[in-house]
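Worksheet: one structure, shown below.
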Amino acid sequence: MNKLKRCAVISRIVILSFALSLTLVARAAETADTIVTNAKVYTVNPQQKWAEAIAVRGENILAVGDAKQIEAYRGASTKVIDAKGHLVLPGFTDCHVHFMSGSLGLTQVDLNGANTVEEIQKRVKEYAASHPNLPWITGMGWQYPVFGPTALPTKKMLDDVIPDRPVYMVAYDGHSSWANSKALAMAGIDQNTPDPPNGKIVRDSKGEATGALKEAAGDLVERLMPKPTREERLAALRKGFHQANQFGVVRVHSAGGDFGYLDLYDELRKSGELTVRQYIAYFLDPPELTSEAIEKMEAARKKYNDAWISGGAVKTMLDGVIEAHTAAVLGNYADDTTQSGKLFWDPDKYKQAITEIDKRGFQIFTHAIGDRAVRLAFDAYENAQKTNHTSDDRPRIEHIETITAQDIPRFGKLGVIASFQPLHTDPNDDTLKVWAVAAGPDRVSRAWPWRSVEKSGGKLAFGSDWPVVTVSPWPGVQNALTRQTAEGEPAGGWIPQERISLEDAIQGYTLGAAFAGRREKTEGSLEPGKVADLIILSKDLFKIEPPDVLNEEVLVTMVGGKVVYESASWTNLKATGTN
Ligand SMILES: [Zn+2]
C-alpha cells in the first residue's frame with residue numbers, strides 16, 4: 001500500500017469513528033415515544049436478525065437492540081410495552097387483496113366453509129330473515145365441490161329458500177356467480193340472451209339458464225344491484241381495517257376494485273381511522289390501454305404517493321381460473337380436451353399496453369393462472385424491458401397456478417416478482433378433486449411452485465386475494481410450510497418439494513412483500529428509520545409445530561408507532577401482569 005492510500009484509509013477510519021461516536025451521543029439524547037421491550041424480536045433484517053427491544057419515535061423506528069441499549073431511549077413520557085417474552089415480527093403485508101369488496105363482504109352472507117347445499121341454504125335463509133328490508137340478498141364464498149360432479153349450483157337451490165327477493169352469490173374465487181330465478185328475471189336473462197364477451201351463461205339441455213354464471217356473465221345481474229352508499233362503504237372499510245389489523249396485516253396491495261375509492265381511504269386517513277397502508281392499483285380492462293386510462297393512472301400517482309396511500313400500480317388480467325376452464329393453458333385441459341381457456345387480451349395489444357405502462361414507470365400486476373397466460377406475461381415484460389431499457393421495474397405475475405418448467409427460471413432472470421397466495425394451494429377437495437383433475441398430472445407436478453421459483457433466483461411475495469380466502473395470513477403461512485389442510489391431509493404434504501422454510505414464509509409477507517411493492521427501503525423489516533409497524537404474537541412460530549401456525553393469535557398490532565389492535569387475551573395478560 002503506498003503512503004498516500006494508507007493516509008486516506010486512516011483518515012477515513014478517524015472520520016468514521018468520530019461520526020459513530022457522534023451518532024451514539026445524538027441517539028442517547030433522543031427520547032422514544034414508545035419502547036417495546038422484553039421481546040423476542042425477529043427483525044427480518046439480515047444484518048441483525050434477533051433483538052430484545054425496539055424504540056419508536058413518531059411513525060418510525062428509532063433503534064433496535066438489546067433491552068439495555070433501548071432503555072437509554074426511555075424518557076419521562078415514554079410509553080413502555082412489555083412484550084412478556086413474546087415473539088415480535090414486522091407487521092404483515094398482504095400483497096393481493098380486493099379490500100373494498102372484502103370489507104363489503106363482512107356485511108353480507110358469508111358462505112366460506114359451507115360444505116353442503118343445506119348449509120348454504122340455511123345461511124342464506126337466516127341472513128334474509130335477519131335483514132327483512134334488504135331488497136337484495138348478496139353474499140360470497142361458495143365452493144365448487146359442494147355441488148357434486150357439475151361443480152355448479154342451480155337457481156332452484158336458492159329459489160327453495162328465497163323465492164320473492166333477488167339473490168346473488170359470488171363463488172369464493174370471484175370467477176363464477178349464482179343467481180335465483182327472481183334475479184335472473186330482473187336481469188332479463190332467458191333462452192335468447194347471448195353470452196357477454198368474457199362470460200358464459202350456464203344453460204341446461206333446453207337452453208335455459210341454470211342460475212350459474214361464469215366470469216363477466218355475472219355483471220348482467222350485478223349491474224342491477226343497488227350500489228352501497230358512501231356511508232355504507234366507509235362503515236365497511238372500518239370493519240375491514242379492524243379485521244386486517246386483528247390478523248396482523250398492516251399494509252395491503254390492492255389488486256382491483258379500490259381505485260375508484262381512493263378518496264374514501266383518504267377521508268379515513270384524515271380522520272385518523274386508516275390503520276392499513278394502501279397501495280392501490282388501477283384496474284386495466286382489455287381490449288387496450290387508452291389515453292383516458294393513462295390520465296387516471298397518472299393523476300392518482302401524483303395525488304397519492306406517501307407511506308399510507310399510494311397509486312402507481314396497474315393491475316390487469318390475462319385469463320380466468322383452472323376450475324372453470326377459463327384459465328388460458330398451453331395444449332388443453334386434462335379432463336376436457338376440447339377446452340384450453342381463453343386469453344382476455346389480444347397478445348399484441350397486451351404487449352403494447354405493458355410496454356407503455358412500463359415506460360411510464362408504473363408497476364404492473366398481471367393476473368395469469370394458466371401456463372399460456374403466464375408465458376405471455378413473461379414475454380410482454382421481457383419485451384418491455386428491452387424496448388424501454390428499464391431494469392428493476394419489478395413487474396409482477398399474480399397467482400401463477402400452473403407454469404411450464406422452462407418458464408420458472410424467468411422470474412429470477414427478468415426480475416419478475418412471483419406473487420402467490422399460499423392458501424390457494426390448500427389441498428382440500430376443491431384443489432384435489434376439481435383443480436387437479438382439470439389441470440392434469442403434469443401441471444400438478446409444478447402446482448404453485450414456491451420453492452422452485454426461489455431456488456431459481458425468483459423473489460416471492462405473499463398475499464391472500466381476500467375475499468377469495470380469509471385476510472388472515474396465518475393459514476397461508478401454515479400452507480407454505482406444510483402444503484397440508486387444517487386436518488393434516490395429505491400425509492407428508494401435497495407436492496411437498498414446493499414447501500418453504502418459516503424464515504422464507506415470513507419474508508414473503510414482510511420484506512419480500514415490501515420489495516414487491518417497491519418499499520423495501522422503508523418497510524418490511526424492523527430496523528432504525530423504517531416504519532414502526534409490528535406485531536406481537538401469542539405463540540413462538542420458531543418453536544411450535546408447523547400445523548399449529550394455523551391457530552396463531554395476534555396479541556398486539558402497531559402501525560406507524562400506534563397500537564391499533566389489542567386482543568382480549570392481551571388485555572387480560574396486561575391486567576394480571578402474568579406471562
Ligand atoms: Zn385477485
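The values are calculated or read from the model by the stated rules, or taken from the named source; none is laboratory data. Keep in mind it's a predicted model, so treat the numbers as computed, not measured. FYI the Cβ positions are ideal-geometry reconstructions off the backbone, even for glycines, and counts take in every protein chain you see.
Taking the residues in the range 158-188 that are without any contact (Cβ under 8 Å) to a residue 60 or more places away in the chain and part of a strand (DSSP E or B) as candidates, determine which candidate is farthest from the ligand (Cβ to nearest atom). Here the answer is Val167.
Would you confirm whether any residue within the range 157-169 is more than 30 Å from the chain's Cα centre (by Cα) and either under 19 Å from Val468 (Cα atoms) or of a type in the set (Lys, Arg) (or both)? Yes, that holds for at least one residue. Note on the range 272-385: no enclosed strands (runs of 3 or more DSSP E) hold 3 or more residues that are among the hydroxyl-bearing types (Ser, Thr, Tyr) and either touching a strand residue (DSSP E or B) at 6+ places or on another chain (Cβ under 7 Å) or surrounded by fewer than 22 Cβ atoms within 10 Å (Cβ to Cβ) (or both). Go through (1) without any contact (Cβ under 8 Å) to a residue 12 or more places away in the chain; (2) assigned to a loop (DSSP other than H, G, I, E, B); (3) not charged (D, E, K, R) one by one and return the number of the condition Gln191 breaks. Status for Gln191: all satisfied but (1).
Cβ separations smaller than 6 Å between residues 6+ apart or across chains give the following pairs from the range 256-273 residues that are closer than 19 Å to Val97 by Cβ and acidic (Asp, Glu) to residues that are at pLDDT 95 or above and within 16 Å of the ligand (Cβ to nearest atom): Asp258/Phe99; Asp258/Met100; Asp258/Ile280. Would it be correct to say that Thr338 is of a type in the set (Ser, Thr, Tyr) and modelled with pLDDT of 95 or more? In short, yes.
Within the option set Leu502, Leu511, being closer than 20 Å to Phe92 by Cβ and touching a helix residue (DSSP H, G or I) at 6+ places or on another chain (Cβ under 9 Å) holds for one residue only, Leu502.
Residues in the range 529-547: is at least one over 14 Å from Pro90 (Cα atoms), more than 16 Å from the ligand (Cβ to nearest atom), touching a helix residue (DSSP H, G or I) at 6+ places or on another chain (Cβ under 8 Å) and modelled with pLDDT under 95? Yes: the range 529-547 contains one or more residues that are over 14 Å from Pro90 (Cα atoms), more than 16 Å from the ligand (Cβ to nearest atom), touching a helix residue (DSSP H, G or I) at 6+ places or on another chain (Cβ under 8 Å) and modelled with pLDDT under 95.
Quick grid of which residues meet (1) within 19 Å of Val250 (Cβ to Cβ); (2) free of Cβ contacts under 8 Å to residues at least 40 places away in the same chain:
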site: Trp448; (1), (2): no, no
site: Lys459; (1), (2): no, no
site: Val468; (1), (2): no, no
site: Ser472; (1), (2): yes, no
site: Gln478; (1), (2): no, no
site: Ala486; (1), (2): no, no
site: Pro496; (1), (2): no, yes
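Residues that are more than 21 Å from Ile137 (Cβ to Cβ) and outside any loop (DSSP other than H, G, I, E, B) were ranked within the range 194-213; the one that is modelled with the lowest pLDDT is Gly199.
If the condition is being assigned to a loop (DSSP other than H, G, I, E, B) and either away from the ligand (no atom under 16 Å from the Cβ) or at pLDDT below 95 (or both), then the range 472-491 contributes Ser472, Arg483, Gln484, Thr485, Ala486, Glu487, Gly488, Glu489, Pro490, Ala491. Ala324 fulfils the conditions (1) within 16 Å of the ligand (Cβ to nearest atom); (2) at pLDDT 95 or above except for a single criterion, (2). Within the option set Ala516, Ala505, being surrounded by 22 or more Cβ atoms within 10 Å (Cβ to Cβ) and under 16 Å from Arg277 (Cα atoms) holds for one residue only, Ala516.
Based on what the data block shows, is Ala377 under 23 Å from the mean Cα position of the chain (by Cα) and among the small types (Gly, Ala, Ser)? Yes. If the condition is being of a type in the set (Ser, Thr, Tyr) and over 20 Å from the mean Cα position of the chain (by Cα), then the range 380-405 contributes Tyr381, Thr387, Thr390, Ser391, Thr404. Failed condition for Gln47, given (1) in contact with a strand residue (DSSP E or B) (Cβ under 9 Å, 6 or more places away or on another chain); (2) away from the ligand (no atom under 16 Å from the Cβ); (3) polar (S, T, N, Q), with all others met? Going through the list (1) in contact with a strand residue (DSSP E or B) (Cβ under 9 Å, 6 or more places away or on another chain); (2) away from the ligand (no atom under 16 Å from the Cβ); (3) polar (S, T, N, Q), Gln47 breaks only (1). Can you confirm whether the range 114-125 contains a residue that is among the polar types (S, T, N, Q), touching a Pro at 6+ places or on another chain (Cβ under 9 Å) and surrounded by fewer than 17 Cβ atoms within 10 Å (Cβ to Cβ)? Scanning the range 114-125, I find at least one residue that is among the polar types (S, T, N, Q), touching a Pro at 6+ places or on another chain (Cβ under 9 Å) and surrounded by fewer than 17 Cβ atoms within 10 Å (Cβ to Cβ), so the answer is yes. Among residues of the range 395-418 that are assigned to a helix (DSSP H, G or I), those with a beta-carbon under 7 Å from a residue that is within 16 Å of the ligand (Cβ to nearest atom) at least six positions away or on a different chain give the pairs Asp407/Val374; Phe411/Ala418. Of the residues making up the range 429-468, those that are in contact with a Phe, Trp or Tyr (Cβ under 8 Å, 6 or more places away or on another chain), assigned to a helix (DSSP H, G or I) and either aliphatic (A, V, I, L, M) or within 16 Å of the ligand (Cβ to nearest atom) (or both) are Leu432, Val434, Ala438, Ala439, Val453. What pairs come out if I take residues in the range 362-385 that are within 27 Å of Gly440 (Cβ to Cβ) and in contact (Cβ under 8 Å) with a residue 12 or more places away in the chain and pair them with residues that are aromatic (Phe, Trp, Tyr) and more than 15 Å from the ligand (Cβ to nearest atom) whose C-beta lies under 7 Å away, six or more apart or interchain? That search, which allows pairs on different chains as well, returns Leu376/Tyr350; Ala380/Tyr350.
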